[in-house]
Amino acid sequence: LLSAGGCPVVDADKIAHELISDPAGSVHRNIVAAFGPSVLGPDGVIDRKKVGEIVFADTSKLRQLNKATHMPILWTIVRRTLSLMREGHTRIILDVPLLFKFPVLRRLCLSAVLVVVVSTEVQLSRLMQRNTLTEDEARKKIAVQASAEDQRKMADFVIENNGTLEELQSNVADFLREQPPGWSATGVASACLTSLAAGVVVAAAAVKAGAAAAAAGCL
């Protein structure tokens with residue numbers, strides 16, 4: 001929906017899937033080292049369903065998975081965002097379901113945070129249908145996620161998604177229309193250089209003031 005509004009989307013979930021599915025990558029190796037070869041499928045690629053069954057039943061295993069994946073995901077998000085900026089895009093959507101796990105990303109890269117929330121009942125129903133899960137499996141997945149209340153606290157904008165797809169599309173379009181044009185890579189570089197120059201001027205003035213004070217002391 002967000003990409004339909006003309007903004008490129010950097011999708012953290014897709015990045016995670018790519019990294020986990022790459023047998024030659026460090027994330028793949030780290031997960032196999034943490035959970036053993038039993039999580040591999042017949043093709044030698046990590047079976048995400050097997051990993052999910054392990055981590056959603058044991059929070060210590062979930063922490064191991066997060067440790068193996070979060071930093072590579074974060075750096076890939078940053079690299080792809082910078083690449084899009086170099087291409088001239090000034091508004092980029094970062095789709096990050098676990099944003100609260102990446103405070104640095106929120107602090108340095110985001111001009112606003114949009115959270116889409118649903119009631120627990122709707123979330124449970126949609127998750128069971130989408131992922132073909134039992135109610136118990138779906139509840140375990142929901143239990144390890146930030147609550148809607150916690151997500152609201154980090155949000156600048158909130159969209160309720162208990163209604164139809166058409167209502168969601170309308171709300172997303174309204175959100176995009178309200179957003180500023182954003183920064184280009186050139187604009188960011190210019191702002192950084194201006195800030196750096198200002199810092200140099202302030203530092204030079206401080207040195208001069210210190211020298212003057214020292215001279216006055218000598219007198």
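Condition test on Ile73, is it modelled with pLDDT of 80 or more, under 13 Å from the mean Cα position of the chain (by Cα), surrounded by 14 or more Cβ atoms within 10 Å (Cβ to Cβ) and closer than 19 Å to Ile31 by Cβ? Walk me through it before giving the result.
Numbers: modelled with pLDDT of 80 or more: yes; under 13 Å from the mean Cα position of the chain (by Cα): yes; surrounded by 14 or more Cβ atoms within 10 Å (Cβ to Cβ): yes; closer than 19 Å to Ile31 by Cβ: yes.
So Ile73 passes the test.
Do the conditions hold for Glu137, that is, is it modelled with pLDDT under 85, of a type in the set (Asp, Glu) and surrounded by 13 or more Cβ atoms within 10 Å (Cβ to Cβ)? Step through it out loud before you land on a result.
On the way: modelled with pLDDT under 85: yes; of a type in the set (Asp, Glu): yes; surrounded by 13 or more Cβ atoms within 10 Å (Cβ to Cβ): yes.
It is true that Glu137 is modelled with pLDDT under 85, of a type in the set (Asp, Glu) and surrounded by 13 or more Cβ atoms within 10 Å (Cβ to Cβ).
Is it fair to say Cys109 is open to solvent by 50 Å² or more (accessible area, probe 1.4 Å), in contact with a helix residue (DSSP H, G or I) (Cβ under 8 Å, 6 or more places away or on another chain), within 23 Å of Leu74 (Cβ to Cβ) and at pLDDT below 85? Reasoning before the result, please.
Values: open to solvent by 50 Å² or more (accessible area, probe 1.4 Å): yes; in contact with a helix residue (DSSP H, G or I) (Cβ under 8 Å, 6 or more places away or on another chain): yes; within 23 Å of Leu74 (Cβ to Cβ): yes; at pLDDT below 85: yes.
In short, yes.
With respect to Lys61, determine if the residue is modelled with pLDDT of 85 or more and either surrounded by fewer than 17 Cβ atoms within 10 Å (Cβ to Cβ) or under 26 Å from Leu168 (Cα atoms) (or both). Before you say what the answer is, go through the steps one by one.
Values: modelled with pLDDT of 85 or more: yes; either surrounded by fewer than 17 Cβ atoms within 10 Å (Cβ to Cβ) or under 26 Å from Leu168 (Cα atoms) (or both): yes.
In short, yes.
Answer yes or no: is there a residue in the stretch 76-83 that is open to solvent by 70 Å² or more (accessible area, probe 1.4 Å), closer than 29 Å to Ala33 by Cβ and touching a strand residue (DSSP E or B) at 6+ places or on another chain (Cβ under 8 Å). Outline the logic, then answer.
Initially, the stretch 76-83 is screened for residues open to solvent by 70 Å² or more (accessible area, probe 1.4 Å), giving 79-80, 82.
From what's left, closer than 29 Å to Ala33 by Cβ: 79-80.
Now restrict to residues that are touching a strand residue (DSSP E or B) at 6+ places or on another chain (Cβ under 8 Å): 80.
Yes, there is a match, as at least one residue in the stretch 76-83 is open to solvent by 70 Å² or more (accessible area, probe 1.4 Å), closer than 29 Å to Ala33 by Cβ and touching a strand residue (DSSP E or B) at 6+ places or on another chain (Cβ under 8 Å).
Taking only pairs six or more apart or across chains, which ones have beta-carbon atoms under 6 Å, a first residue in the stretch 158-174 that is farther than 19 Å from Ser125 by Cα, and a second residue that is among the charged types (D, E, K, R) and open to solvent by 60 Å² or more (accessible area, probe 1.4 Å)?
Val158/Arg152
Given the options Lys14, Lys67, Lys49, name the one that is at pLDDT below 90, in a helix (DSSP H, G or I), closer than 29 Å to Arg106 by Cβ and open to solvent by 40 Å² or more (accessible area, probe 1.4 Å).
Numbers: Lys14 fails: at pLDDT below 90; Lys49 fails: closer than 29 Å to Arg106 by Cβ.
The conditions single out Lys67.
Given (1) surrounded by 12 or more Cβ atoms within 10 Å (Cβ to Cβ); (2) at pLDDT 70 or above, identify the lone condition not met by Gln129.
The number of the failed condition is (1).
The values are calculated or read from the model by the stated rules, or taken from the named source; none is laboratory data. Bear in mind the structure is a predicted one, so any value in this text is a computation, not a measurement. Neighbour counts run over all protein chains shown; Cβ positions are idealised from the backbone, glycine included. To get the accessible areas, we keep the full protein, side chains included, count just its heavy atoms, and leave off ligands, DNA and RNA. Shrake-Rupley method; radii C 1.70, N 1.55, O 1.52, S 1.80 Å.
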